[in-house]
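The values are calculated or read from the model by the stated rules, or taken from the named source; none is laboratory data. Bear in mind that the values here come from a model prediction, so they are computed numbers and not experimental data. A quick note on method: Cβ atoms are made from the backbone with ideal geometry, for glycine too, and the neighbour counts reach across all protein chains shown. With ligands, DNA and RNA removed, areas are computed over all heavy atoms of the protein, side chains included. Shrake-Rupley method; radii C 1.70, N 1.55, O 1.52, S 1.80 Å.
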Amino acid sequence: MTVLRSTRPTDSSYRTAWGRRARAAVLVVFPVALLGCGSATPPGADSAPTPAGGPNDPAWVTNRPKLPPPDADRINYDEHTCTLTLYDLPGNDRWMVQMPGEGSGRPVTPQHRLPADTELSQVMVYYARPGVKPSAPVSVKQIRDSGNAHSSLAHFR
């Protein structure tokens, strides 16, 4: 009887050799694939520090001494009424204002009025996330100098 060209030889050495090669490939390729996929390159001593994240960072971010400062461009200060207009914060974050001479800040509402004779460079604004370190502060002077005019001062023609 003639053997068809498409049939495989029945030699057991062929099967065992293929099986050994397949097992060796799986034993080498699989661990290399697991170790190489998704692992971040650790920062070196000469690399620049990573930029700070934003106020929407998850609560488990603890590798920084403080959370990133609030965005001074989104906070307005009206010099005529001495009012800070703060933007909405995510989750349970709270705005804090530290007046000159105070050891820590106190919670404030999104519309907060400052005393008229306060030195703006000494008043600090930051946010606090419950159970996490507070953010780095920005001064009201920095907020005022950020270039945003209060919306009530806008002139329309």
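From the P(r) of the stretch 61-121, can you give the percent of Cα pairs sitting at distances over 15 Å?
Here the long-distance tail beyond 15 Å is 59 percent of all Cα pairs in the stretch 61-121.
Could you tell me whether the stretch 86-134 comes out rounded, prolate or oblate from its Cα gyration tensor? Rule is a ≥ b ≥ c as square roots of the eigenvalues, rounded for a/c under 1.5, then prolate if a/b exceeds b/c, otherwise oblate.
Details: a/c = 2.87, a/b = 1.58, b/c = 1.82.
Cα axes put the stretch 86-134 in the oblate bin.
Obtain the nm distance between the two label points defined at residue 81 and residue 111 by a simple spin-label model: each point lies 7 Å from its Cα along the Cα-to-C-beta direction.
0.6
What ranking, highest mean first, results for peptides 87-98, 118-129, 103-114 when packing means the other Cβ atoms within 10 Å averaged over each residue?
118-129, 87-98, 103-114
With the crude spin-label approximation of a point 7 Å out along Cα→Cβ, what separation in nm comes out for residue 146 versus residue 102?
Going from the residue 146 label point to the residue 102 one covers 1.9 nm.
Note the full-extension length gain between residue 27 and residue 92 as 0.36 nm times their separation in residues minus their Cα-Cα distance, in nm to one decimal. Before the final figure, lay out the partial values.
On the way: separation 65, 0.36 × 65 = 23.40 nm, distance 4.91 nm.
Roughly 18.5 nm would be gained on extension.
With every protein chain present, what is the per residue accessible area of the stretch 83-123 (1.4 Å probe, Å²)? Show your work: numbers first, answer last.
Details: 2440 Å² over 41 residues.
Normalised by residue count, the accessible surface of the stretch 83-123 is 60 Å².
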